[in-house]
Structure formats: C-alpha cells, structure tokens
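Chemist: Have a look at this one.
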Amino acid sequence: MYLEQIQKVNDIKNIDPKAYGELAQEIRDFLIRKISVTGGHLGSNLGAVELTMALHLALQLPEDKIIWDVGHQSYTHKILTGRKDGFDCLRQFHGMSGFPKRKESECDAFDTGHSSTSISAGLGLVKARDIQGQEHTVVSVIGDGSMTGGMAYEALNNAGKLETNFIIILNDNNMSISENVGGVSKYLNNIRTADSYLDLKRGIYDALRGTPRGDNMVTGIRRVKSSFKQLVIPGMLFEDMGVTYLGPVDGHNIPALIRVIQEAKRVQGAVMIHAITQKGRGYAPAERHPARFHGAEPFDVETGLPTNPHAKASYTDVFATVMCKMGGRDEKVAAITAAMPDGTGLKRFRNMYPERFFDVGIAEEHAVTFAAGLAAGGMKPVVAVYSSFLQRAYDQILHDVCIQNLPVVFAIDRAGLVGSDGETHQGIFDLSYLTNIPNMHVCAPKNKWELADMLKYALDFGGPIAIRYPRGEAYDGLKEYREPVEMGKAEWIYREREIALFAVGSMVKTAEQVREKLKAKGLQVSLVNARFVKPIDTGALREAAGEHRLIVTMEENVAAGGYGEKVLQYISEEKLGVDCLQAALPDAYIEHGNVEMLRSEIGMDADSICRRILERIG
Ligand SMILES: Cc1ncc(C[n+]2csc(CCOP(=O)(O)OP(=O)(O)O)c2C)c(N)n1
C-alpha cells in the first residue's frame, strides 16, 4: 500500500517512480470508496490524479503555490498534503471542505469555489512574489470548462506582458459539468484531434533541435507570425496573447507531465501547459456518465446508482416541467444557462426547443446581458442560474436589464443554504443584491404549485423579475392555498391575533412548525406567506400591525438588505407601533454541512426561532 506512505506533504517524493501507477490506482480506489459514502465531486478528481501527482513531484510545497480553479478537483491534492483522514467527514459540518481552504492547510494557496478565477489569482501571487524578491513557482490549474469564463481571458490578457515565470495548466477533459460548449471548446478540440499537424510539428521541432542553434529556431518559430506558424503551432491563440503554449500532453502520463512542468519552469513569462485528461477516469460509471458524477450524491460502488434516490420532485424538476409547458405555449419563451443545463433543469427544454435554448458556458455576466439583448429584441428570456453564481452578474442585472426595464425572468435556483458545498456556494445574498436595484421585482414561492404560478406570472409580467427557490425537494404542503399571484401581494394563510409570522419562500414551511409550537403554548399566531420581497406588501403589514403585538419576519438570506430589514424600515417610518423580530442569517459566511444542522447552528430552525419569539414576548 503506497497510499499509507503518504502522511504529509512531499511524502510522494519518497515513492519509487516505478510505483506511481500503483499509487494512482490506490488514490482512485480511495476516492471512489470515500465519495460513494459522503458524496462529492468524483469525476473531475478521478481525471486529475496523475496531474496532481506530477505537480507535487515537480514542485516543492508549500513554498510553491498551486491555485485550483473552482477547486472541486483538489481531492488528490488534499490526500498528498496529509488530509487523507479528512475524507471520512468530507463536506460535513465541521469536517473537511470539498474545496481548497487556506485555513485548512498551508498547502492551499487560494480559496476557490466559483470558476475562472485561478489565472487572476495566480498572476497576483506571481506579482507579490516578484515584488518581494521571492523565487517560488506559481501554477494555476484551470479546466476547459472554466476557460469559457471571461475572467480567464481578462487575466491572460494581463499575463501576456509578464516577464517572469507563471505556469498555467489547462486541464482539458473536453467537459464542463455537461458537454463543454462554444468556440474555445471547439478550438481546444481541434488541437486535441489534429494528430497530423501535431506529428508535423513534432517532426519539425525534433529536426530543428538536432541542428546547431536549433533550439533558438524553435523559439523563433514560436514568435513568427505567419501562415507557417498557423500550420504547425497549436495553441497560437495563447501564443498570440503572449503566453507560451506547451502541449498537448497526455495528462495521465506522469513522466511526460513532470518533463513539461520542468520545461515550463524555465520559461520567462506566462506559459500554458495543455494537458489532456479524461473525466471520471478509472471508474466505468463515471466515465459513462460524467455529468452525473460531476457532483455525485452517495452511490453504490458496484452499480454507480444513488444510494438514496429522491422520492419527491425538486423545485428544479417543477421549474423544468413548467418551462417546457410555457415554451410550447409561447414561442417567445427562451431559456439561458451558464453551463448548468442539468443543474438548473433545462435539459428537457433544450431537447424540445433547441433553437430557443442557450448554454453560454460558465459566463454568468454574458448570460444576463445576452438575455437583455433577447428581451430588447422581443423575446421572453428566462435566465436559470444558481443564486451564488448570479452574484457575478450584478452590474449586468443593473446596467443591462434593469435600467432599460427589460422583461428578463431570473429563475434563481439553490437560493438559501445549499449545504455541503459550503461558503462559496450558499445562496444567501440574492434578496439583498437584487432588491436594491430599481425596477427589479423579487418573489419566492412557498411550495411547488406556487413556483409554477410565479413562473407563469413572471413570463407575462413585462419587466425584470426574479423568482428564488431552494435546492432539493419541493414543499408539497399548503396545496389548498393558491390565490392568484399579484404583484407585491402577500398571502394570508392563518389569520389570528398576537403574533404574525411573515415568512419568505422556503421559510413558510418552517413558519408552520413555529406556529404549531407557539399554539401549543396557548398563543394566537397568524401566518403570512410574503410572496414578494420587492415590493413588500405594505397593506398586509398595516393590517397585521393593527391586530398583533409582534411581527416576525423569516427569510433564508442574510439580514442585511433582506426582507426583514425592509419590513422594519416600513414599520418604523410609518410609526405602526408594533414590535418586530427579524429571523435571518447572520453577517457571516456559512460553512459546509447538512442544511438541517446548519439551520439549527445559526438559529434558523423552528425551535430556535420559537425560543427567540418567546423571549421577546416575555
Ligand atoms: C461562476 C461559476 N459558475 C458555475 C459553476 C459551477 N461549476 C462547477 S465546476 C463546473 C464545470 C467546470 O468545468 P472544468 O473547468 O472543465 O472542470 P472539470 O469539472 O471538467 O474538471 C461548473 C459549471 C461555478 N463553480 N462557478
């Protein structure tokens, strides 16, 4: 067992090179076994085993720095830096994160979670190194999917001028979560498959290297802008930007990878190593279904099937169904995703209406402005996106959609706590960052029927409107409460006296539990489904203020800029004279873990909220 010999960083350097293959196999077996229990990003990690081993062999950590783009592929890096034991509680509350964390290890150079940041961050680390006269190596590892994000090119544009060493490894498995899309993907694919001209290139280079001053000529050729170069030098897109291109190299061949990394270290300037890898490598179900094993739920190792299949429909499923229905009714309805056709539920829409479906790559900013263009051109675009990734597109929402008051619908999935992906992925800011934008309207459904009603309403609304709904099973309670959706109107579910609970979206279910608990103590409790967070229903608040002594707002969003703050402000400005308690998330980044556990930890479960209410009313 070679894996047992890996207890801390650089232990891999004591392994006999002849055993690298066996170690790689042991790492794969370990990852499959552990992730089958905890869930996690299996496919990307199985594809990056040799690449990570080669990096650890060619570099000296922690002095040298590796920045993992997205960071979901850093599991082998965690194993090789002494964190093997952490896999028993991977992504669990107080357990090891599924992403690089500087607070977790000095070998994690930069925290990631969102895509396409690694070249910018790496360039920053390079400049910090140079200014301080240090000499370590900095390597950014970025996937071909992440290379569809604009920030990667902003960074390359900047790195082209660099005169000191900076290594970028393009880990190209020809997949994003789903199939990679777009011109860059096609470009990389051409390099990958153009065997004939690669052979030609290799032949020319080898011949030149054999001649006096041949090396200089190879360098010379790289710099010549001619049709000859186009013919023989793959990666010239990068070369023309001033980034030396090395590759393509087999990303599962450790000696070849080490050689090319050593070569790259000698380049003065930014250098890109193009490594070809296979997503899910070594585990047949993951090789066959790379999208399903990108972020896997716990599964049976033998069959690859989920251990706990979801019995009930998720909000994503409901969204998917209604989108297909609405796409059939109205030919103006279009759907846009930033590389998440599976996650957002748009796959069926894509199959039914391919001409009105757009996967734009991991490019949320572009997705939003593109949607604005579609809307300006008379379409009814729906941007389906996770709450935390939409953070990227704040200016596009404000500048391109809302100033022009364009009818773009934002279907915001994974709003609220998402659980095991942790602080980079929690969708707990959208109510704040959306509701401060003029012309934007924001609503949240209490259950699956309301999501359907809200989506239909939004498509006919005629201005910018966002619907936010959580990850996981759709609530199927309160079916009988189905008043038509009306802009800015809340829905009274129970109307009593004393305490009024005003709950947003996912918190309506929790509010029902809170109400039961308070009623068991003999209190009278009303429950209002807020429905709209912008505009808030001031009429319902006025009515509630007259009939209750305490209004409690409940939302799965940070308190700052959220629903409760707006309610408090209104009550105070209008001197409604009713006490108000705000149940919202703290001003903090919430770590990974089971959502129920997180809720009770931060006081957002029914018991905690109940306790606070009882304290408040004495
Ligand atoms: C801004 C942003 N949008 C979406 C995602 C979701 N996401 C995580 S990994 C991934 C695909 C990345 O593909 P690639 O870089 O090729 O890495 P691979 O998983 O193929 O190894 C996506 C879309 C994200 N992390 N960040």
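The values are calculated or read from the model by the stated rules, or taken from the named source; none is laboratory data. Keep in mind that this is a model prediction, so the values were computed, not measured. Here the Cβ positions follow ideal geometry from the backbone for every residue, glycine too, while neighbour counts run over all protein chains shown.
Chemist: Restricting to region 305-341, name every residue that is basic (Lys, Arg), modelled with pLDDT of 95 or more and assigned to a loop (DSSP other than H, G, I, E, B). Can you show your working first?
Modeler: Just the residues of region 305-341 that are basic (Lys, Arg), to begin with: 312, 325, 329, 332.
Now restrict to residues that are modelled with pLDDT of 95 or more: 325, 329, 332.
Selection gives 332 alone.
Chemist: Let me ask something else about it. When the residues of region 13-58 are narrowed to those that are under 18 Å from residue 278 (Cβ atoms) and polar (S, T, N, Q), which ends up nearest to the chain's Cα centre (by Cα)?
Modeler: Among those that are under 18 Å from residue 278 (Cβ atoms) and polar (S, T, N, Q), it is 44.
Chemist: Something else now. I'd like the residue in region 319-339 that is out of contact with any strand residue (DSSP E or B) (no Cβ under 7 Å at 6 or more places or on another chain) and of a type in the set (A, V, I, L, M) and, out of all such residues, is nearest to the ligand (Cβ to nearest atom).
Modeler: 320
Chemist: Taking residue 583, is it under 37 Å from the mean Cα position of the chain (by Cα) and either under 15 Å from residue 431 (Cα atoms) or modelled with pLDDT under 95 (or both)?
Modeler: On the way: under 37 Å from the mean Cα position of the chain (by Cα): yes; either under 15 Å from residue 431 (Cα atoms) or modelled with pLDDT under 95 (or both): yes.
So residue 583 fits the description; yes.
Chemist: Quick one: what pairs do we get from region 334-362, first residue without any contact (Cβ under 8 Å) to a residue 40 or more places away in the chain and within 20 Å of residue 377 (Cβ to Cβ), second assigned to a loop (DSSP other than H, G, I, E, B) and within 16 Å of the ligand (Cβ to nearest atom), C-beta under 7 Å, 6+ apart or different chains?
Modeler: Close Cβ pairs (under 7 Å, with a partner that is assigned to a loop (DSSP other than H, G, I, E, B) and within 16 Å of the ligand (Cβ to nearest atom)) amount to 357/346.
Chemist: So, in region 112-162, exactly how many residues are within 13 Å of the ligand (Cβ to nearest atom) and either outside the structural domain of residue 100 (by TED's automatic domain parsing) or among the charged types (D, E, K, R) (or both)?
Modeler: Qualifying residue count, region 112-162: 1.
Chemist: For region 36-58, give me the residue count where each residue is more than 14 Å from the ligand (Cβ to nearest atom) and either closer than 17 Å to residue 16 by Cα or touching a helix residue (DSSP H, G or I) at 6+ places or on another chain (Cβ under 6 Å) (or both). Step through it out loud before you land on a result.
Modeler: Of the residues in region 36-58, the ones more than 14 Å from the ligand (Cβ to nearest atom) are 36-39, 53-58.
Filter once more, keeping what is either closer than 17 Å to residue 16 by Cα or touching a helix residue (DSSP H, G or I) at 6+ places or on another chain (Cβ under 6 Å) (or both): 53-58.
So the count comes out to 6.
Chemist: Also, I was wondering about something else. Just to be sure, is residue 392 under 24 Å from residue 585 (Cα atoms) and among the basic types (Lys, Arg)? Give the steps one after another, and end with the answer.
Modeler: Numbers: under 24 Å from residue 585 (Cα atoms): yes; among the basic types (Lys, Arg): yes.
For residue 392, the condition - under 24 Å from residue 585 (Cα atoms) and among the basic types (Lys, Arg) - is met.
Chemist: If residue 102 satisfies every condition in (1) assigned to a loop (DSSP other than H, G, I, E, B); (2) closer than 29 Å to residue 338 by Cβ; (3) touching a Ser or Thr at 6+ places or on another chain (Cβ under 7 Å); (4) not aliphatic (A, V, I, L, M) but one, which is the exception?
Modeler: Failed condition: (3).
Chemist: Is one or more of the residues making up region 46-66 out of contact with any strand residue (DSSP E or B) (no Cβ under 8 Å at 6 or more places or on another chain), touching a residue at least 60 places away in the same chain (Cβ under 8 Å) and over 23 Å from residue 263 (Cβ atoms)?
Modeler: Yes, region 46-66 contains at least one residue that is out of contact with any strand residue (DSSP E or B) (no Cβ under 8 Å at 6 or more places or on another chain), touching a residue at least 60 places away in the same chain (Cβ under 8 Å) and over 23 Å from residue 263 (Cβ atoms).
Chemist: What about residue 134, is it surrounded by fewer than 18 Cβ atoms within 10 Å (Cβ to Cβ) and at negative phi? Don't jump to the end; show me each part of the working.
Modeler: On the way: surrounded by fewer than 18 Cβ atoms within 10 Å (Cβ to Cβ): yes; at negative phi: yes.
Against the criterion (surrounded by fewer than 18 Cβ atoms within 10 Å (Cβ to Cβ) and at negative phi), residue 134 qualifies.
Chemist: Being within 16 Å of residue 416 (Cα to Cα) and out of contact with any Phe, Trp or Tyr (no Cβ under 7 Å at 6 or more places or on another chain) is the filter; apply it to region 558-581 and report the residue that is surrounded by the fewest Cβ atoms within 10 Å (Cβ to Cβ).
Modeler: The first filter runs over region 558-581 and keeps only residues within 16 Å of residue 416 (Cα to Cα), leaving 558-564.
In the following step, the residues that additionally are out of contact with any Phe, Trp or Tyr (no Cβ under 7 Å at 6 or more places or on another chain) were identified as 559-564.
On the way: 559: 18, 560: 13, 561: 17, 562: 24, 563: 30, 564: 25.
Top of the filtered list is 560.
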